[in-house]
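Everything on this sheet refers to the single structure shown next.
The values are calculated or read from the model by the stated rules, or taken from the named source; none is laboratory data. Keep in mind it's a predicted model, so treat the numbers as computed, not measured. Here the Cβ is made from the backbone with ideal geometry for all residues, glycine too, and neighbour counts use every protein chain on show.
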Amino acid sequence: MPLNSSKCVNQAQCLNEYMTSSYYQQQYWMQVPVMSAVDQCDPVIEGLDDDMDDEKLDDTWQWWDKFRSLCDSNKRLGVALELTPDLPSPGVIERWLSEPVKAVVVPTSLFLTNKKGYPVLSKAHQAVIKSLFKLEVQVIISGQDRHPEKTIRAYQQYMDHLWQSQDPVDTVGQFAKGYEDFLQSPLQPLMDNLESQTYEIFEKDPVKYSQYQKAVYRALLDRVPLEDRDKTDILIMVVGAGRGPLVRASIAAADEAGCKLKKIYAVEKNPNAVITLENIRESEWGNLVDVISCDMREWEAPEKADILVSELLGSFGDNELSPECLDGAQRYLKDDGISIPVQYTSYLAPLMSCKLYNEVRGSKVERGKPPEAPFEMPYVVRLHNCSILDKPKPVFTFSHPNRDEVIDNCRYETLEFTSSEAAVVHGFAGYFDTQLYKDVMLSIVPDTHSPGMFSWFPIYFPIRTPIKLESGASVCLEIYKYRYKSQDDDEDDDDDRDDDEYDEC
């Protein structure tokens, strides 16, 4: 169905009434031009006001957003995005990537003719189509055949060529295939015992453990002078050892550095993982490794460690209670001991994604919980059909070991973001980076993402009511991390919650 202007109230009312009353679950695609005819006019030729040159006279995304809102963001609505001779800015194209674009309509009038007489598109149009390919859109060729000597099939062959000439999928993309925009509850390894299959997936990461090995290696070089490496015994504690990849990385780092290891304590509370650790110790590590089946916060270590190694980070850094666990475990680290990681920082950015919003809205509500419950929790998700409206900004930073007299992990931060284009905020995307040791880093922040690492997907904090922003408007986020006691068992626990305030400027 064509959507030709912002005057679409009656059209939306008719379609919405049919969708809500119809038994059949048809999909409805609205054909929207990427630029309006008014925006494509030359202001000098058309006699328009020069002051309006840089302004959007008739933003077609606004047409769609109004229509979609009038239909209550019905998930049966899709977009057939029609390319126009002139194209908008990359920011506007990026915004369309957050919408349910099902097809791209390419008029034959856009095609040029190459030296061999075949239809081709300009590089700008090629780039737009390739960016839409990631949404697995269908391609619709419309209009009269302008290359009859090559037949209409030449257009299809050209589109096949564009599809095949895409950049190859990287390691992360291969691993994440099928997980795009799929909502997952964050892991809670402190509360739950992870399954063996979960450990196996994370252990396949080619980047994370090599970086940990590099961090331990550099820590050993700094810890032990060259002349003392054959006579100084180093004690390493791996807390949250899982099935042993950090233990292996530590042993490999010591071998590479030429350092003697006195002992490695592998501390793990999951009894299933402990069995695996014991089997590996008997067959591979021998007396070099002691396996401790205990919560790291409760264990009484017989001696203090030179290096404390852990991997307790979640997609938002501290959301799996890494600070609380390490604060309890640092008592068996020597006063001059080294913690790996040294510190980590969480990040947030406003996000627009109608698909994620509908996924949360359509989530099943557990018995006894209010209807808005799905919006009161974060989700780990491979972000795909979305647009990040501003660069991520740092939120909370935690450093280890924490030598403060009174350790308090409560935090409060206010962040302000600005959207360069008119948009809708459907929530916030969360990331983190960590300094393992000195310049050895791991990151899932888009601009600094560790190449090839797939152990963590971003985290998504949804909001119940989407917030409409005009171009250049700001959104303010207040986020708290606070500590509370459980009423059931009176045990200390921690939680991240966000309280949002919005201010348009």
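A few comments on the model shown:
- Test: residue in the range 256-269 that is in contact with a strand residue (DSSP E or B) (Cβ under 9 Å, 6 or more places away or on another chain), under 30 Å from Gly173 (Cα atoms) and either surrounded by 21 or more Cβ atoms within 10 Å (Cβ to Cβ) or not assigned by TED's automatic domain parsing to the domain that holds Lys438 (or both): no
- Applying the condition of being charged (D, E, K, R) and part of a strand (DSSP E or B) to the range 401-444 and asking which residue is farthest from Leu221 (Cα to Cα) yields Glu416.
- Being of a type in the set (Ser, Thr, Tyr) and more than 30 Å from Gly337 (Cα to Cα) holds for only one residue in Ser250, Ser210, Ser196, and it is Ser196.
- Residue selected from the range 252-302 under the condition under 31 Å from the mean Cα position of the chain (by Cα) and assigned to a loop (DSSP other than H, G, I, E, B), by the criterion farthest from Leu194 (Cα to Cα): Arg297
- Within the range 107-127, the presence of at least one residue that is surrounded by 14 or more Cβ atoms within 10 Å (Cβ to Cβ), of a type in the set (S, T, N, Q) and modelled with pLDDT of 95 or more is confirmed.
- Some residue of the range 367-379 being surrounded by 20 or more Cβ atoms within 10 Å (Cβ to Cβ) and within 30 Å of Ile307 (Cα to Cα): no
- From Asp49, Asp86, residue being modelled with pLDDT of 85 or more and either of a type in the set (D, E, K, R) or not assigned by TED's automatic domain parsing to the domain that holds Leu132 (or both): Asp86
- Within the range 124-153, restricting attention to residues that are in a helix (DSSP H, G or I) and in contact (Cβ under 8 Å) with a residue 40 or more places away in the chain, the residue that is farthest from Ala80 (Cα to Cα) is His125.
- Residue tally, condition closer than 17 Å to Ala305 by Cα, buried (at least 19 other Cβ atoms within 10 Å of the Cβ) and in contact with a helix residue (DSSP H, G or I) (Cβ under 7 Å, 6 or more places away or on another chain), over the range 213-235: 4
- Single residue of the range 453-471 satisfying the filter (over 18 Å from Phe417 (Cα atoms) and part of a loop (DSSP other than H, G, I, E, B)) that is nearest to the chain's Cα centre (by Cα): Pro458
- Within the range 354-387, being touching a helix residue (DSSP H, G or I) at 6+ places or on another chain (Cβ under 9 Å) and of a type in the set (S, T, N, Q) holds for Ser363, Asn385, Ser387.
Yes/no matrix, rows are residues, columns are (1) in contact (Cβ under 8 Å) with a residue 60 or more places away in the chain; (2) more than 19 Å from the chain's Cα centre (by Cα); (3) not assigned by TED's automatic domain parsing to the domain that holds Leu221:
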site: Asp318; (1), (2), (3): yes, no, yes
site: Ser353; (1), (2), (3): yes, no, yes
site: Glu372; (1), (2), (3): yes, yes, yes
site: Glu376; (1), (2), (3): no, no, yes
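- Of all the listed residues (Val79, Val92, Val120, Val105), the sole one being of a type in the set (A, V, I, L, M) and without any contact (Cβ under 8 Å) to a residue 40 or more places away in the chain is Val120.
- When the range 154-185 is filtered for residues that are touching a helix residue (DSSP H, G or I) at 6+ places or on another chain (Cβ under 9 Å) and either modelled with pLDDT of 90 or more or assigned to a loop (DSSP other than H, G, I, E, B) (or both), the ones remaining, listed by number, are Tyr155, Met159, Leu162, Trp163, Ser165, Gln166, Asp167, Asp181, Phe182, Leu183.
- Pairs where the first residue, in the range 179-197, is among the acidic types (Asp, Glu) and the second is assigned to a loop (DSSP other than H, G, I, E, B) and modelled with pLDDT of 90 or more, C-beta under 6 Å, 6+ apart: Glu180/His384; Asp181/His384; Asp181/Asn385
- Screening Ser98 against (1) touching a Ser or Thr at 6+ places or on another chain (Cβ under 7 Å); (2) not in a loop (DSSP other than H, G, I, E, B) leaves a single unmet condition, (2).
- Applying the set (1) over 27 Å from the mean Cα position of the chain (by Cα); (2) exposed (fewer than 12 other Cβ atoms within 10 Å of the Cβ) to Met191 leaves exactly one unmet item: (1).
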